[in-house]
1. Could you look at the stretch 33-155 and say what percent of its accessible area is carbon and sulfur, using a 1.4 Å probe and all protein chains?
2. Is there a quick way to get the dipole size of the stretch 33-155? I mean about its Cα centre, with the Cβ of Lys and Arg at +1 and of Asp and Glu at -1; what is the value in debye to the nearest 20?
3. Give me the accessible area per residue for the stretch 33-155, probe 1.4 Å, as a whole number in Å².
4. Collect residues whose amide H, placed 1.01 Å from N in the peptide plane, falls under 5 Å from the amide H of Phe125; neighbours closer than 5 in sequence don't count.
5. In nm, what is the difference between 0.36 nm times the number of residues separating Phe112 and Glu34 and their Cα-Cα distance?
6. For Glu80 and Ser49 in the same chain, what is the full-extension length gain: residue separation times 0.36 nm, less their Cα-Cα distance, in nm?
7. Over the stretch 33-155, calculate the relative contact order: mean separation of alpha carbon pairs under 8 Å at least 6 apart, over the residue count, as a percent.
Amino acid sequence: MKKILAAFASTLLCASPAFAQSASTAPQLNITTEAAMDMAHYAVGLAESRHLKLCIAVEDTDGNLVAFIRMQGAYAGCVEASIAKAKSAARFARNTIEFFDAARAQNLPIGFVPGILPSAGGAVFKQGETVVGSIGTSGDTNEAEQALVVDTAKHFH
């Protein structure tokens with residue numbers, strides 16, 4: 001019995017990539033750790049040039065944290081907000097300002113929808129038309145945060 005189980009396990013481990021990836025799945029592009037760190041550092045450079053003290057989170061397309069920087073002097077309360085903004089942008093593949101504008105213009109209670117943070121300061125990174133990651137910032141005004149994430153996203157390549 002042990003030999004049969006070992007042979008079966010070996011067969012599974014050595015299965016071809018075609019077997020391992022079913023027809024119902026597709027490869028997903030994701031930001032690399034190196035690119036996430038580069039984008040976080042680029043955002044810090046922009047923030048410093050604009051005299052901002054921010055928390056900056058970079059996440060993959062699933063909304064998982066890949067890089068994070070809390071700049072010297074950034075409020076501790078901004079840590080979770082920056083992560084939530086990046087997560088919201090990543091999971092819904094759109095900049096968080098869209099949720100913010102819709103909530104204000106139409107008085108929508110989308111702030112209660114799990115995973116959506118209707119606030120400025122979250123943007124997606126795209127490779128062509130495909131979202132590959134996101135950035136979230138917190139620690140300053142809506143306008144300053146939104147400008148920073150948009151300018152950082154434009155720098156992504």
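The values are calculated or read from the model by the stated rules, or taken from the named source; none is laboratory data. Just so we're clear, the structure is a prediction, and the values are computed from it rather than from any experiment. Here the Cβ positions follow ideal geometry from the backbone for every residue, glycine too, while neighbour counts run over all protein chains shown. Heads up: the accessible areas ignore ligands, DNA and RNA and are worked out on the full protein's heavy atoms, side chains in. Shrake-Rupley method; radii C 1.70, N 1.55, O 1.52, S 1.80 Å.
1. 53 percent
2. Using only the charged Cβ atoms, the result is roughly 200 debye.
3. Numbers: 6020 Å² over 123 residues.
About 49 Å² of surface per residue is accessible.
4. Val132, Gly133, Ser134, Ile135
5. Details: separation 78, 0.36 × 78 = 28.08 nm, distance 3.40 nm.
Result for the pair: 24.7 nm of gain on full extension.
6. So the extension gain works out to 8.8 nm.
7. 27 percent
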